[in-house]
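> My structure is below; once you've seen it, I'll send some questions.
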Amino acid sequence: MPPRNFETANMSTPVRILGIAGSLRKDSYNRGALRAAATLVPEGATIETFDLSGIPIFNQDEDQAPPQSVVDFKSSIRAADAILIVTPEYNYSIPGVLKNAIDWASRPYGDSAWNGKPAAIMGASIGNFGTVRAQYHLRQIMVYLNMYVLNQPEVMIGNASQKFDQQGNLTDEKTQKYVQTLLQNLVAWTRKLRGE
């Protein structure tokens with residue numbers, strides 16, 4: 001079924017999207033998908049990215065005085081109007097590095113940077129299913145975080161080795177269109193939630 005577009009919304013206020021790749025691997029298809037998203041973002045919106053490689057392992061003993069990398073991460077989330085998470089799938093779920101970052105940004109209790117944020121999810125894998133199970137687990141986590149996750153389109157990039165070139169660039173036009181529609185819908189969803 002082709003992706004559905006929301007109606008074009010008021011373009012007066014820019015929408016700042018924070019993009020997060022759930023992989024640390026330099027040549028990750030998910031990092032490539034996030035780079036592609038930054039070039040496909042609609043007019044009136046921007047994507048800034050945050051690299052999770054500097055986030056240490058979560059330690060609740062430190063959640064009242066977190067490391068600077070966590071402070072910076074939470075500030076980036078709060079400054080964003082919407083969140084885009086691009087996740088691999090490890091063992092039927094999201095990677096530990098992504099869950100770790102999510103936990104840090106939700107702490108201490110009552111001071112979650114995620115609360116009320118519009119969000120979209122996508123992911124790439126070399127298998128046929130394109131991170132479907134990881135994405136559904138991430139949606140469950142976002143329910144508890146009180147995030148407003150976009151439902152459609154679901155962008156699950158299967159057989160990624162056929163859709164990215166040797167430099168990690170997304171070259172498949174159909175997939176590019178799905179990513180573009182996801183971003184258009186995320187921007188419209190964010191504007192709708194802002195009452196525009």
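The values are calculated or read from the model by the stated rules, or taken from the named source; none is laboratory data. Computed from a predicted model, the values in this text were never measured in an experiment. Because the Cβ atoms are built from the backbone with ideal geometry, glycine has one as well, and the counts that use them run over all protein chains shown.
> Which one of the conditions (1) among the hydrophobic types (A, V, I, L, M, F, W, C); (2) over 18 Å from THR190 (Cβ atoms); (3) within 12 Å of the chain's Cα centre (by Cα) does ILE121 fail to meet, given that it meets all the rest?
Single failed check for ILE121: (2).
> Can I ask one more? Taking the stretch 130-139, which residues are surrounded by 20 or more Cβ atoms within 10 Å (Cβ to Cβ) and either closer than 13 Å to SER112 by Cα or not polar (S, T, N, Q) (or both)?
Those that are surrounded by 20 or more Cβ atoms within 10 Å (Cβ to Cβ) and either closer than 13 Å to SER112 by Cα or not polar (S, T, N, Q) (or both): GLY130, ALA134, LEU138.
> With of a type in the set (Gly, Ala, Ser), closer than 22 Å to ALA36 by Cα and touching a Leu at 6+ places or on another chain (Cβ under 7 Å) as the only criterion, which of ALA134, ALA120 stands out?
ALA120
> For the list (1) part of a helix (DSSP H, G or I); (2) in contact (Cβ under 8 Å) with a residue 12 or more places away in the chain; (3) surrounded by fewer than 16 Cβ atoms within 10 Å (Cβ to Cβ), I need the number of the one condition that THR39 fails.
All conditions pass for THR39, except number (2).
> Every residue in the stretch 79-95 that is surrounded by 14 or more Cβ atoms within 10 Å (Cβ to Cβ) and either among the aromatic types (Phe, Trp, Tyr) or not in a loop (DSSP other than H, G, I, E, B) (or both), please.
Result: ALA82, ILE83, LEU84, ILE85, VAL86, TYR90, SER93.
> On to the next question. Contact list please: Cβ distance under 8 Å, first residue in the stretch 43-70 and under 14 Å from ARG107 (Cα atoms), second residue at pLDDT 95 or above and among the charged types (D, E, K, R), pairs at least six apart or on different chains.
That search, which allows pairs on different chains as well, returns PHE58/ASP103; PHE58/ARG107; GLN60/ARG107; ASP63/ARG107; PRO66/LYS74; PRO66/ARG107.
> Of all residues in the stretch 98-122 being of a type in the set (Gly, Ala, Ser) and touching a strand residue (DSSP E or B) at 6+ places or on another chain (Cβ under 6 Å), which is farthest from PRO67 (Cα to Cα)?
That would be ALA120.
Let's see how each residue does on (1) surrounded by 14 or more Cβ atoms within 10 Å (Cβ to Cβ); (2) more than 19 Å from GLY19 (Cβ to Cβ); (3) at pLDDT 95 or above; (4) of a type in the set (Phe, Trp, Tyr):
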{"residue": "ALA113", "(1), (2), (3), (4)": "yes, no, yes, no"}
{"residue": "LYS117", "(1), (2), (3), (4)": "yes, no, yes, no"}
{"residue": "ILE141", "(1), (2), (3), (4)": "yes, no, yes, no"}
{"residue": "TYR144", "(1), (2), (3), (4)": "no, yes, yes, yes"}
{"residue": "GLN162", "(1), (2), (3), (4)": "no, yes, yes, no"}
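> Okay, next question. Would you pick out the residues in the stretch 57-78 that are of a type in the set (Val, Ile, Thr) and surrounded by fewer than 18 Cβ atoms within 10 Å (Cβ to Cβ)?
ILE57, VAL71
> Restricting to the stretch 47-78, give me the number of residues that are assigned to a strand (DSSP E or B) and among the polar types (S, T, N, Q).
Count: 1.
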